[in-house]
1. Taking segment 105-134, which residues are surrounded by 22 or more Cβ atoms within 10 Å (Cβ to Cβ) and β-branched (Val, Ile, Thr)?
2. Can you tell me which of (1) under 27 Å from ASP276 (Cβ atoms); (2) within 16 Å of the chain's Cα centre (by Cα); (3) of a type in the set (A, V, I, L, M, F, W, C) is the one PHE131 doesn't meet?
3. From (1) open to solvent by less than 50 Å² (accessible area, probe 1.4 Å); (2) out of contact with any His (no Cβ under 6 Å at 6 or more places or on another chain), pick out the condition that doesn't hold for ARG86.
4. Hey, among the residues in segment 266-298 that are among the charged types (D, E, K, R) and under 18 Å from the mean Cα position of the chain (by Cα), which one's least open to solvent (accessible area, probe 1.4 Å)?
5. Mind listing whichever residues of segment 171-187 are in contact (Cβ under 8 Å) with a residue 40 or more places away in the chain and in contact with a helix residue (DSSP H, G or I) (Cβ under 7 Å, 6 or more places away or on another chain)?
6. What residue, among those in segment 299-315 that are at pLDDT below 95 and closer than 21 Å to ALA343 by Cβ, is surrounded by the fewest Cβ atoms within 10 Å (Cβ to Cβ)?
7. Within segment 136-153, restricting attention to residues that are at pLDDT 95 or above and under 18 Å from the mean Cα position of the chain (by Cα), which residue is surrounded by the fewest Cβ atoms within 10 Å (Cβ to Cβ)?
8. Please enumerate the residues belonging to segment 354-382 that are closer than 18 Å to PRO313 by Cβ and among the β-branched types (Val, Ile, Thr).
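The values are calculated or read from the model by the stated rules, or taken from the named source; none is laboratory data. As the structure is a prediction and not an experimental result, all values here were calculated from the model. Virtual Cβ from ideal backbone geometry, glycine too; neighbours counted across all protein chains shown. In case anyone asks, the SASA skips ligands and DNA or RNA and just uses the protein heavy atoms, side chains included. Shrake-Rupley method; radii C 1.70, N 1.55, O 1.52, S 1.80 Å.
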Amino acid sequence: MTSDAGYSEALRALTERGRFGIHLGLGRTRALLRELGDPQLGIRGALVAGTNGKGSVLALVGAALRAAGIRAGETPKPHLVTYRERMQIGGRPIDPGAFARLATDALAAADRIPRRHGEPTEFEILTAMLFRWFADEHVDLAVVEVGLGGRLDATHAWDGGVAAITNVDLDHMDRLGSTIVAIAREKAAIVERGDIAVTGATGDALGVVRRRAARLGVPLTVVEPAALIRLDRDGLEVELPRLGPTRIGLRGRHQAANVAVADAVLDALEAAGIADVPPAARREGYASVHWPGRLELIDVDGREVLLDGAHNPAGAATLATALDDLRPHLQGGPLTLIAASMADKDVDGIVAALAGAMALDDATIIATALDLPRAMPAAELAARWRGHGQSRKVVVEPDAERALDRALAEADGPIVVAGSLYLVGAARARLVDDPLLRDPVAEAVG
C-alpha cells in the first residue's frame, strides 16, 4: 500500500468513527491511552478551555514558544483544509505517513478496550493519537485546546500543569447547560489540584472559576484585557504589564483580551517550571502570529477577502465590531457578505449580531449552504437576514462554490466570508495555496 493510500484509508477509518457522535466522558479516552502506553503522562503544558478565543490563545502562545526556540505540540481545532491541521509541532501539521501510522495504532487500540466503555468516538481517538505523537516526537511541552466544555472532554484525560479558561458565554447549551454558571462549571473543571490556573472570565463565570481554584488550593491569575493603544488594517498594539507597548499580528480589538490570557499562560508555564519565554521572544511571537480563517485578510487578484469563522452570537458580535473597526482601512465600495450556518446553531442570534455592524448597512448578503446534513438551507438563512429590516440586498445561492464565484465576479468592494468554519475552510482551500496543507486526497472540512 502506498503512503498516499495509507493516509487515505486511515483518514477514512478515523472519520467513520463520526457515526458514534459526541459522547462526553473520560473512560474511553483513558482506556485508549492505557492501550497506547499512557503517553500523556510524560508531557507537561497547558490545557485551554473557553467559549471563544481558545484558538487565538493557542496561536499566540505557540508563536511565542517558537520564537523562543521551544518545540511545542499544538492542537488547533477544528481544521479548515486538512485534518492534519489538528496535530502540529512547531506550527507544522503532522505529515500524512505519520498520521496514517498513528491512526492505525489508535484504531487497533480502540478495538481492544473493554466494551463496557462503549465505542470510542472520532475525537477520542484523535486525542489519543496526538498524545502518542507528542511523546514519540519528544516535544518540550504541549498546548492543547479543549474540544467541548472541559469536565468530560477527551482532552481532560490529560493534566499538563497549567489550566486556562479564556471566557464563558452561551454555546453548546444542549450539552453544557442553559446558563453561564452551568457552562462555567463544565469549563472550570479542567482545573486540577497542583495546577496553576489562568482565566479571562468575568461576572458569574469568574465566580465559578474562583471557587474551583480556591477549593483545590490552586493559584489563579485573573486577567483583564490588555489596554488597547491602536488598531490598524493588519492588527493592533496593546500595553502588556511585562512588555509595555506590544504589536499583535491578529485583527480585532477582542485580541487584546486573548493576548492578555496568552501572556498569563506563558507566565504560568514559567512559574510551573515548564518553559521560560523571555520578553523578546514574546514580542516577536505576538507580532508574527498567524491564525488562519479568523479575521484573515487575503488578496484575490487585487480584491480583499476577509475570512472569519464566527459561528455563535458572541463570535458574530466580535466580528461585527471588527468590521466597523476595519472598514476605514479596507478598499472602497460596499461589502459583500457570503454567509452560511449550521441549523443547530443560534442562527437568529448570529444574524442579529452581524446585522449590528454599520459596515454591513449597505452590504449585499449572499446566503448559501454547505452540502452537510447539519447545514441550514440557503433560502431559510436568507429569510432570517430579511427579517432584520435593513434595506440590504439579500440573495440566495445554494451552492457555496457558486456563491464565491458570484461575489468575486460582481462585488464592488471587499468580500467577507463568515458564519461557519465549514464555509471558511472551503473558501480558504480554494483561495489560498498552502504547501503544508496539501494532502494526498481531497478532504471535506470538519
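1. Result: THR121, ILE125, THR127.
2. With (1) under 27 Å from ASP276 (Cβ atoms); (2) within 16 Å of the chain's Cα centre (by Cα); (3) of a type in the set (A, V, I, L, M, F, W, C) applied to PHE131, the lone miss is (2).
3. Status for ARG86: all satisfied but (2).
4. At the first step, the residues of segment 266-298 found to be among the charged types (D, E, K, R) are 267, 270, 276, 282-284, 294, 296.
Imposing the further condition that a residue be under 18 Å from the mean Cα position of the chain (by Cα) reduces the set to 294, 296.
Numbers: ARG294: 47, GLU296: 12 Å².
Going through the qualifying residues, I end up with GLU296.
5. Scanning segment 171-187 gives a single hit, ILE183.
6. The residue in question is ASN312.
7. Step one: list which residues in segment 136-153 are at pLDDT 95 or above, which gives 136-146.
Now restrict to residues that are under 18 Å from the mean Cα position of the chain (by Cα): 142-146.
Numbers: ALA142: 24, VAL143: 29, VAL144: 28, GLU145: 21, VAL146: 25.
For segment 136-153, the residue satisfying everything is GLU145.
8. Hit for segment 354-382 is ILE365, nothing else.
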